Ligand code: SF4
Ligand code: SF4
Ligand code: SF4
């Protein structure tokens, strides 16, 4: 059964929305139906005059639980290289999407990958949509929006089983990378086709992802931009807002503050800002605004980084504000602890009538109070904050 998902992830609003459980479900009974997490749809079969709910999960190896990043503590790794980077090809730009696009286009050109699974903005539906880009041109045009939620991994089955991709790159948020790390660590033989097909995982830095309703309600509703004038939406280079690009070449900005109520609830308990389960992570913190920070976590990530440099699609430099990265990571740990308090409060309520459970809940609170969030001494960092 997906019982652990229901009890330990969905009921606690802890789902990150990564969607890997939906992709690997052997009976295809996990669906997105407008909630903050997938849900189990139980098929009903008519037998004679009776209708029976089919038990889909009893004879399954619980692939969904095997890959869910919220059911296991994914061990974060330290980056092997911390670099500043700019895309240097036809489009010279330092935005994270441009750097990621350059690395992947170079990888495709060199035959290191045969496709990229990512999400891009669909201007007709006004929402992000999952995509598999196969050619260098498609990759250059398709690495789009990463901060508005889309079920990107829904296309994993098509990519692996329909389009027979064997060397895929996946671009997503740190929780997507955590889910794929669990997949890579799994020894479940039925998950092998997915493991074998994913060659590279690229993550963006992430403090939270927003529900797609944001576009309809805030951009169309409150900013008053007609739907047919919106060409695309991207995060601003200072990450303080969304830039809405219009078909007539103009642009409008939606302040990020206005978007906060649309954050997925599961982001509140997230502890990974820097995509430490990915092969490569890119974001615009710690480097000047005309460039991005590139974290290379694995040998595979480094092959792609060096390949892009060799082809001349990115240039890198070494001056990165490491303290700013460390501090941002610490902020997220604090958020995770706040969420853990919420969960423990629920445990405590549940334990009121049971002395044994109460003892365990008290111990958990004590452990949480003792957990140092960031044991390093904090030195003030001048990065956007003026220190006033
Ligand atoms: S237990 Fe198996 S069939 Fe049930 S939701 Fe999970 S993967 Fe799907
Ligand atoms: S975190 Fe991902 S794998 Fe876990 S329940 Fe949510 S969508 Fe499924
Ligand atoms: S904040 Fe965490 S859970 Fe939310 S999208 Fe980013 S990585 Fe995923």
Selection status of residue 160, away from ligand 2 (no atom under 16 Å from the Cβ), in contact with a strand residue (DSSP E or B) (Cβ under 8 Å, 6 or more places away or on another chain) and either assigned to a helix (DSSP H, G or I) or not assigned by TED's automatic domain parsing to the domain that holds residue 104 (or both): yes
Condition check for residue 2: at pLDDT below 85, more than 16 Å from ligand 3 (Cβ to nearest atom) and buried (at least 17 other Cβ atoms within 10 Å of the Cβ): yes
Residues (within 15 Å of ligand 3 (Cβ to nearest atom) and either assigned to a helix (DSSP H, G or I) or assigned by TED's automatic domain parsing to the domain that holds residue 155 (or both)) located in segment 6-21: 9, 10, 20, 21
Qualifying residue in segment 203-223 (condition: within 21 Å of residue 63 (Cα to Cα) and surrounded by fewer than 22 Cβ atoms within 10 Å (Cβ to Cβ)): no
Total residues in segment 135-178, condition within 16 Å of ligand 3 (Cβ to nearest atom), touching a residue at least 60 places away in the same chain (Cβ under 8 Å) and closer than 25 Å to residue 110 by Cβ: 7
Subset of segment 33-45 that is in contact with a strand residue (DSSP E or B) (Cβ under 8 Å, 6 or more places away or on another chain) and farther than 15 Å from residue 14 by Cα - its residue that is surrounded by the most Cβ atoms within 10 Å (Cβ to Cβ): 40
Any hit, segment 224-245, residues being modelled with pLDDT under 90, touching a helix residue (DSSP H, G or I) at 6+ places or on another chain (Cβ under 6 Å) and more than 30 Å from residue 293 (Cα to Cα): yes
So residue 51, is it more than 16 Å from ligand 3 (Cβ to nearest atom) and assigned to a helix (DSSP H, G or I): no
Pairs with Cβ under 6 Å, 6+ apart, first in segment 234-263 and free of Cβ contacts under 8 Å to residues at least 24 places away in the same chain, second assigned to a helix (DSSP H, G or I): 240/256; 241/256; 246/229; 247/229
Residue match in segment 77-97 (condition: in a helix (DSSP H, G or I) and under 17 Å from the mean Cα position of the chain (by Cα)): yes
Candidate set from segment 121-137 (those that are modelled with pLDDT under 85 and over 17 Å from the mean Cα position of the chain (by Cα)); member that is surrounded by the fewest Cβ atoms within 10 Å (Cβ to Cβ): 124
Residue match in segment 219-230 (condition: within 15 Å of ligand 3 (Cβ to nearest atom) and either under 27 Å from residue 170 (Cα atoms) or not assigned by TED's automatic domain parsing to the domain that holds residue 178 (or both)): no
Residue check, residue 129 free of Cβ contacts under 8 Å to residues at least 40 places away in the same chain and in a strand (DSSP E or B): yes
Test: residue in segment 284-297 that is within 26 Å of residue 103 (Cβ to Cβ), within 16 Å of ligand 3 (Cβ to nearest atom), in a helix (DSSP H, G or I) and assigned by TED's automatic domain parsing to the domain that holds residue 126: no
Single unsatisfied condition, residue 239 versus (1) under 28 Å from residue 320 (Cα atoms); (2) more than 16 Å from ligand 3 (Cβ to nearest atom); (3) surrounded by fewer than 20 Cβ atoms within 10 Å (Cβ to Cβ): (2)
Residue in segment 55-75 that is touching a residue at least 24 places away in the same chain (Cβ under 8 Å), on the phi > 0 side of the Ramachandran plot, outside any strand (DSSP E or B) and surrounded by 13 or more Cβ atoms within 10 Å (Cβ to Cβ) present: yes
Which listed residue is touching a strand residue (DSSP E or B) at 6+ places or on another chain (Cβ under 8 Å), closer than 24 Å to residue 218 by Cα and surrounded by 21 or more Cβ atoms within 10 Å (Cβ to Cβ), from 118, 101, 152: 152
The listed residue being over 21 Å from residue 127 (Cβ atoms), free of Cβ contacts under 8 Å to residues at least 24 places away in the same chain, surrounded by 15 or more Cβ atoms within 10 Å (Cβ to Cβ) and within 16 Å of ligand 2 (Cβ to nearest atom), out of 182, 195: 195
Residue identified as at pLDDT below 95 and within 30 Å of residue 106 (Cα to Cα) among 48, 17, 34: 17
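The values are calculated or read from the model by the stated rules, or taken from the named source; none is laboratory data. Quick caveat, the model's predicted, so the values are computed rather than measured. Neighbour counts are summed over all protein chains in view; Cβ atoms, including those assigned to glycine, are modelled from backbone coordinates with ideal geometry.
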